[in-house]
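Read through the structure below, which is laid out as structure tokens, and then see the notes.
The values are calculated or read from the model by the stated rules, or taken from the named source; none is laboratory data. It should be emphasised that the depicted structure is a prediction, and the values quoted were computed from it without experimental measurement. Positions of Cβ are generated from backbone atoms using ideal geometry, with glycine treated the same way; all protein chains shown enter the neighbour counts. Surface accessibility is based on the protein's heavy atoms, side chains included, excluding ligands, DNA and RNA. Shrake-Rupley method; radii C 1.70, N 1.55, O 1.52, S 1.80 Å.
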Amino acid sequence: MPPRLSHPGEPLRRRPSQRRSARRVERMLDACAELLDEGGYDALTTTRVAERAGVAIGSVYQFFPDKRALSQALTRRNVELFVARVGRRFIAEDYAGWWDAVDAIIDEYVEMHRSVPGFRSLHFGEVFDLDLLDSVADNNTVIAGRLRALLLTEFGLADSEDLDRAILVAVEAGDAVLKLAFRHDPNGDPGIVAEAKQLVRGYLSRQLASAVSRRA
């Protein structure tokens, strides 16, 4: 069976066509995550990834042309995991209002930052200008889309360009403040995490109230 080529915008040179190959790629990404946490991006090399993953260097180059592509693939995996975990929270938990849902999204970000290898080393939208989940959406746009869908479907807010813009600004601002929370505290400064929640809640409350008044 011929190898499956990657789609445009994917960091993989080709997509693994067999379960064994897929597991090998996952080991490479796991190794990349560990090495990023240990030494940062500058110390990352494809040779070190191959050694840590227990594969030949040729196996790395079979799927990834360089360390940038490895890091892109890892960030893609982190974003997909983040969106999936937030989705599971929305299914399992009931929220009194959209503000509690926003807090849940931030809590998931903080928990993954503490527990998922490589997550803290490659923040969304940082290091690379990436197209992660499709050819046009960047990382924070994907996350904003998840929050937008929640507000529309779960809390009955009206769809509009103003809502889209407000949510994207809230996500970008929250992401910046959460980065600050982890800059000097590996577990995230709880006071700054709380400020991030207040910032996002306050901004969205004002924007949503303004949108309602314009429709009235």
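Side notes on the structure shown:
- Of the criteria (1) modelled with pLDDT of 85 or more; (2) farther than 15 Å from SER121 by Cα; (3) open to solvent by 20 Å² or more (accessible area, probe 1.4 Å); (4) not aliphatic (A, V, I, L, M), which one ARG68 fails: (2)
- Considering residues of the range 81-97 that are touching a helix residue (DSSP H, G or I) at 6+ places or on another chain (Cβ under 8 Å) and either touching a residue at least 24 places away in the same chain (Cβ under 8 Å) or closer than 15 Å to PHE119 by Cα (or both) only, the residue surrounded by the most Cβ atoms within 10 Å (Cβ to Cβ): PHE82
Okay, residues lined up against (1) touching a residue at least 12 places away in the same chain (Cβ under 8 Å); (2) outside any helix (DSSP H, G or I):
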| site | (1), (2) |
| --- | --- |
| ARG48 | yes, no |
| GLY58 | no, no |
| PRO65 | yes, yes |
| LEU74 | yes, no |
| VAL79 | yes, no |
| GLU111 | no, no |
| ARG114 | yes, no |
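- Failed item, numbered, when VAL116 is tested on (1) exposed (fewer than 14 other Cβ atoms within 10 Å of the Cβ); (2) of a type in the set (A, V, I, L, M); (3) within 16 Å of the chain's Cα centre (by Cα): (1)
- Residue among PHE124, PHE155, PHE128 that alone is modelled with pLDDT under 90 and buried (at least 20 other Cβ atoms within 10 Å of the Cβ): PHE124
- Cβ separations smaller than 7 Å between residues 6+ apart or across chains give no pair from the range 25-37 residues that are in contact (Cβ under 8 Å) with a residue 40 or more places away in the chain and within 16 Å of HIS113 (Cα to Cα) to residues that are open to solvent by less than 10 Å² (accessible area, probe 1.4 Å) and among the charged types (D, E, K, R).
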